[in-house]
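Scroll down for the structure; my scribbles are underneath it.
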Amino acid sequence: MFNKIILTCLFMMAPMMLRAETIDIKPDSPDRYVVQKGDTLWDISGRFLQQPWRWPEIWQANSQIADPHLIYPGDVISLSYEGGSPVLTVERGGDAVRSSRREAGSSRYEKLSPVVREYEHDQAIPSIPIDVIRHFLSRPMVVSEHDMDGWPYIVSSYEQHLIAGLGTRVYIRNLPAGSNVSNYSIYRQGPAYRSQIRYGGNILGYEALYVGELVVEKRGNPASAVITLAKREVLDGDRLIPQSKQEASSDFIPRPPNTPVEGSIISVFDGVSQIGQYQVVVLDVGELDGLEVGNILGIFQSGQLVNDKIKARKRGGFNNSALVKYLGKPKSAGEEVRLPEEFAAVVMVFRTFDKISYGLIMEAYGAIHLHDTVKNI
């Protein structure tokens, strides 16, 4: 059950404002937009701003509103200009209705008084599409080579099959003595994360693959348990850790890193070859590089290496000889040129570890590949 948040709005007071001084407004931005269920603050800002991730830079809090980042369906965002500068104002749904009636020319005088509206916290518009990354906030982890060595493990299943699934009884060794914990998550050590560029191919950590859940029914060594959730096949040797009901922070306020950061994409979840919007990538930069949750980075396509054959032709000499015409030009003719990087996407960091972080692709303008560069924009 979520705690209720009481928001008090005074229509006669100045509304919450977004002042666009150095922020570029889209030429086709609407004059007004009514917030819809399913929107995100990023999407809403993208209707007005060329760079939607910069909305926190121009957000002004209204003292009458408990939290300026809590926007709800029915609220109205309007674009206007003051002194030649664009301004975005946000009116609460109830206030916006009265404002629209007044603009329609109603001659009836309406006394305005404080309006108390009651919301559930989970009705608020999120900053980004949380559902896309929800299971990444608490479950996937980065571990070192021996982190899991001391965890309890599955030694066998009831029927002694190598692979177990939902509802299967399994046997556990090394559960902590005297522990009353019954609900465990199942993990196994996954592939290594390596950085070819920053760390010369050295291992930065290992992905902890989330396998499923189980409940301990009878204690002992071994103890017996039943698998209650299986995201993949459960194997002998899979490790256990007590279930965590506490998620990592989901209050994402986009902002640039405090220091210059440069790294690369070293992995992408789900094994896809084409990386696009709302896909999760692994970066070889993390907390030790100054990265924090909410940091925004640009993704740049690595510059291709091409052969400058034009310059080779202008040199003349051997390349224009009759022998070359007979044998053909040598494959090495020309000068190798590295093309410049191209801005391809925007990624927002949503979970950090020492040398690694998880990022969500928020904007994609071109093809994105493994080993593309990520850095400040």
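Return only the number of the condition from (1) over 30 Å from residue 285 (Cα atoms); (2) surrounded by fewer than 16 Cβ atoms within 10 Å (Cβ to Cβ) that residue 175 does not satisfy.
(2)
Name the residue that is nearest to residue 193 (Cα to Cα), counting only residues in segment 356-365 that are surrounded by fewer than 23 Cβ atoms within 10 Å (Cβ to Cβ) and in contact with a Gly (Cβ under 7 Å, 6 or more places away or on another chain).
361
Being modelled with pLDDT under 80, assigned to a strand (DSSP E or B), hydrophobic (A, V, I, L, M, F, W, C) and out of contact with any Lys or Arg (no Cβ under 6 Å at 6 or more places or on another chain) is the filter here; which residues of segment 42-93 pass it?
59, 79, 88, 90
Given the structure, is residue 178 assigned to a strand (DSSP E or B) and modelled with pLDDT under 95? Please lay out each step first, then the result.
Details: assigned to a strand (DSSP E or B): no; modelled with pLDDT under 95: yes.
No, not satisfied.
Looking at segment 18-40, is at least one residue of a type in the set (Gly, Ala, Ser), modelled with pLDDT of 50 or more and in a loop (DSSP other than H, G, I, E, B)? Break it down into steps so the answer makes sense when it comes.
Step one: of segment 18-40, the residues of a type in the set (Gly, Ala, Ser) are 20, 29, 38.
Remaining after also requiring modelled with pLDDT of 50 or more: 29, 38.
Still in the list and also in a loop (DSSP other than H, G, I, E, B): 29, 38.
Among the residues of segment 18-40, at least one is of a type in the set (Gly, Ala, Ser), modelled with pLDDT of 50 or more and in a loop (DSSP other than H, G, I, E, B), which makes the answer yes.
What pairs come up if the first residue lies in segment 365-377 and is in the same structural domain as residue 300 (by TED's automatic domain parsing) and part of a loop (DSSP other than H, G, I, E, B), the second is surrounded by 13 or more Cβ atoms within 10 Å (Cβ to Cβ) and of a type in the set (D, E, K, R), and their beta carbons are under 7 Å apart, counting only those six or more places apart or on different chains?
Here the result reads 366/342, each pair linking segment 365-377 to a residue that is surrounded by 13 or more Cβ atoms within 10 Å (Cβ to Cβ) and of a type in the set (D, E, K, R).
Taking residue 185 as meeting all but one of (1) without any contact (Cβ under 8 Å) to a residue 60 or more places away in the chain; (2) not in a strand (DSSP E or B), write down the number of the exception.
Every condition holds for residue 185 apart from (2).
Go through (1) among the small types (Gly, Ala, Ser); (2) under 18 Å from residue 182 (Cα atoms); (3) buried (at least 19 other Cβ atoms within 10 Å of the Cβ) and name the single condition residue 220 misses.
Going through the list (1) among the small types (Gly, Ala, Ser); (2) under 18 Å from residue 182 (Cα atoms); (3) buried (at least 19 other Cβ atoms within 10 Å of the Cβ), residue 220 breaks only (3).
The values are calculated or read from the model by the stated rules, or taken from the named source; none is laboratory data. A quick note: this is a predicted structure, and the numbers were derived from the prediction, not measured. Virtual Cβ from ideal backbone geometry, glycine too; neighbours counted across all protein chains shown.
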